[in-house]
Amino acid sequence: MLIRFNPSLIIAGTDEAGRGCLAGPVTAAAVILDGHTEYKQLNDSKKLSVRLRNMIRPMIEQHAICYSVAHLHPQTIDEINILNASIEAMHHALSDLKQNPEKILVDGNRFKPYGAVPYECVIKGDGKYLSIAAASVLAKTYRDAYMEKIHEEYPMYNWKKNKGYPTAEHREAIKKYGISPYHRKSFQLLPKQLKLEL
């Protein structure tokens with residue numbers, strides 16, 4: 001069962017989606033939840049069905065004190081690496097919150113200071129704390145919607161299904177069609193034995 005970290009503090013939970021993808025942005029969300037709404041079905045977004053994620057998202061958006069979502073695109077990922085891009089996306093999301101948090105809860109084990117706000121990294125935090133789980137749902141649903149949108153531009157990669165992750169189908173399409181402007185050139189897009197002309 002997910003819990004609130006400390007009801008007496010203004011807590012911002014933050015998480016990202018798309019870190020392991022070959023294409024598309026890394027997307028981060030930051031959420032400050034209200035202190036009384038029950039989120040009975042809220043969980044780590046990876047443990048929820050698409051239907052449940054899409055049902056929970058408007059509930060989070062309606063009842064949260066504030067929330068923000070930020071995309072960091074492939075060019076930046078290639079320039080600063082995916083870890084730094086993930087953290088920067090979280091910083092962008094935090095900076096767009098309408099209220100300043102008193103503490104930040106971060107999913108995972110790596111973060112960089114955000115101003116003077118204290119933070120805590122929580123491994124598998126999206127399965128422990130409501131605010132991180134809410135951020136994971138927003139990051140995942142917003143990123144999925146983005147990938148479905150750019151799928152219309154490059155349908156051959158089937159991003160509406162694989163969302164940019166390294167599935168066999170996605171890699172086969174890269175092998176056949178080459179890369180798009182949405183692919184991350186710093187990633188190993190194909191197995192080493194299959195050379196790709198960038």
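Odds and ends about this structure:
- If the condition is being farther than 10 Å from ALA133 by Cβ and touching a Cys at 6+ places or on another chain (Cβ under 9 Å), then the range 15-52 contributes ALA30, ILE32.
- Test for ILE3: is it β-branched (Val, Ile, Thr) and modelled with pLDDT of 95 or more: no
- Looking only at residues in the range 118-135 that are modelled with pLDDT of 95 or more and loosely packed, with under 13 Cβ neighbours inside 10 Å, the one that is farthest from SER68 (Cα to Cα) is ILE123.
- For the range 141-153, the criterion of a residue being of a type in the set (Lys, Arg), under 20 Å from SER186 (Cβ atoms) and part of a helix (DSSP H, G or I) is satisfied by at least one position.
- Residue within the range 18-37 that is within 15 Å of ASP126 (Cβ to Cβ) and over 12 Å from the mean Cα position of the chain (by Cα) present: yes
- Qualifying residue in the range 109-117 (condition: within 30 Å of ASN6 (Cβ to Cβ), of a type in the set (A, V, I, L, M) and surrounded by 12 or more Cβ atoms within 10 Å (Cβ to Cβ)): yes
- Out of GLN75, GLN99, one residue alone is farther than 16 Å from ALA12 by Cα and not hydroxyl-bearing (Ser, Thr, Tyr). It is GLN75.
- Candidate set from the range 176-192 (those that are in contact with a strand residue (DSSP E or B) (Cβ under 8 Å, 6 or more places away or on another chain) and among the hydroxyl-bearing types (Ser, Thr, Tyr)); member that is least open to solvent (accessible area, probe 1.4 Å): SER180
- Entry remark, the range 10-24: residues being closer than 17 Å to ASP78 by Cα, of a type in the set (D, E, K, R) and either open to solvent by less than 10 Å² (accessible area, probe 1.4 Å) or in contact with a Lys or Arg (Cβ under 7 Å, 6 or more places away or on another chain) (or both) number 0 in total.
- Test result for TYR39, of a type in the set (Phe, Trp, Tyr) and touching a strand residue (DSSP E or B) at 6+ places or on another chain (Cβ under 9 Å): no
The values are calculated or read from the model by the stated rules, or taken from the named source; none is laboratory data. Values in this document were obtained by computation on a predicted structure and should not be read as measured data. In this analysis, Cβ positions are derived from the backbone assuming ideal geometry, glycine residues included, and neighbour counts consider all displayed protein chains. SASA here: full protein model, heavy atoms, side chains in, ligands and nucleic acids out. Shrake-Rupley method; radii C 1.70, N 1.55, O 1.52, S 1.80 Å.
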